[in-house]
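> What follows is a single structure, and I will ask about it in a moment.
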Amino acid sequence: MQKIELIGNNYELIKNDKDCFNYEEIKEKVTEYFEDFDYIFGDYAYEKVRLKGYYDNNNAKATDINKIDSLDTYIENYCSYGAKTFLLKKMK
């Protein structure tokens, strides 16, 4: 998998539907807000990327809506059908 550096952290690109991940675009969108999360999920709607942070299921900060196990529910309920998506996992 591809290794990515964002906001001083190293990530692994573990999902990249339709080869949609664009490093130059994402590095401008990712802020310090995402630094605490274990995962960064992105989806494209109308050619714009939306980002959402997720925690490992065993992370003390995780809640029902931001545990990585809830990602499929988020995609089903909040992403456009067939949307291009990607997932970054923070390397420890």
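> Of the listed values [x] 18.7; [y] 12.8; [z] 13.4, grab the one calculated as Kirkwood radius over Cα pairs in Å from the structure here.
It is the one labelled [z].
> Once amide H atoms are placed 1.01 Å from N in the peptide plane, what residues at a sequence separation of 5 or more from K84, or on another chain, have their amide H within under 5 Å of its amide H?
Under 5 Å from the amide H of K84: Y44.
> At a 10 angstrom cut-off on C-beta neighbours, averaged per residue, how do the peptides 44-54, 30-40, 74-84 rank from highest to lowest? Provide the component values of the computation, followed by the final result.
On the way: 44-54: 14.4, 30-40: 16.5, 74-84: 12.4.
Peptide ranking by packing, descending: 30-40, 44-54, 74-84.
> Sticking with this structure for a sec: Using the Karplus curve 6.51 cos²θ - 1.76 cosθ + 1.60 with θ = phi - 60°, work out ³J(HN,Hα) for each residue of segment 26-40 in order, rounded to whole Hz, and write x for Gly and Pro.
My calculation for segment 26-40 gives 5, 4, 7, 8, 6, 10, 4, 3, 7, 4, 7, 6, 7, 9, 10 Hz in order.
> Counting DSSP beta bridges in the chain, what percent are antiparallel, to the nearest 5?
On the way: 22 of 23 bridges.
Roughly 95 percent of the DSSP beta bridges within the chain come out antiparallel.
Rule-based calculations on the coordinates, nothing more; no lab input. Predicted, not measured: the structure shown is a model, and the values here were computed from it. When we count neighbours, we look across all protein chains shown, and the Cβ atoms used for this are built from the backbone with ideal geometry, even at glycine.
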